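Written below as structure tokens is the structure these notes are about.
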């Protein structure tokens, strides 16, 4: 969403769903309102689901921003599909670190904290660009 919010939400959600599908093509469970998952094989196995963490970074996530009411629920849906939680705000006591906002130094510090928290979790992590 670095291009001013021009994206196709359904296509984005279906990519996340396809990645999170089981390797035999069994579709991932999705929140209400999300498109039906494609029947393509994904990267999850019966014993190892795909885990997706969303990190909000930069001025687009600062308040006030007219896009926040659209972006936050989408980040929450992506996180739900990926078996994680994206908080409603940066003040969330458990997952607030996923909001990397503030001054440049604050963003850098929060981004480091987010990566450390995710990498320190009990699930092996792969970073995908």
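At-a-glance table
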| read-out | value |
| --- | --- |
| At R0 = 22 Å, FRET efficiency that the Cβ-Cβ distance of residue 24 and residue 121 yields, to 0.05 | 0.30 |
| 81, 46, 60 arranged by Cβ crowding within 10 Å, fewest neighbours leading | 46, 60, 81 |
| Mean Cβ neighbour count within 10 Å, used as a protection proxy, ranking 99-105, 51-57 highest first | 51-57, 99-105 |
| Cα gyration tensor shape of the stretch 1-72, rounded if a/c is under 1.5, else prolate or oblate by comparing a/b with b/c | prolate |
| Proxy reagent accessibility, fewest Cβ within 10 Å first, across 62, 17 | 62, 17 |
| Linear extension gain, residue 43 paired with residue 55, 0.36 nm per residue minus alpha-carbon span | 2.2 nm |
| Whether the stretch 56-105 is rounded, prolate or oblate, judged on the alpha carbon gyration tensor where a/c under 1.5 counts as rounded | oblate |
| Kirkwood-based Rg to Rh ratio, the chain, C-alpha trace | 0.97 |
| Residue 12/residue 103 FRET efficiency (R0 25 Å; Cβ-Cβ; nearest 0.05) | 0.30 |
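Laboratory data are not the source of any read-out in this text; all were calculated from the coordinates shown. The structure presented is a predicted model; accordingly, all values stated were derived computationally and were not measured. Heads up, the Cβs are rebuilt from the backbone with ideal geometry, glycines too, and the neighbour counts pull from every protein chain shown.
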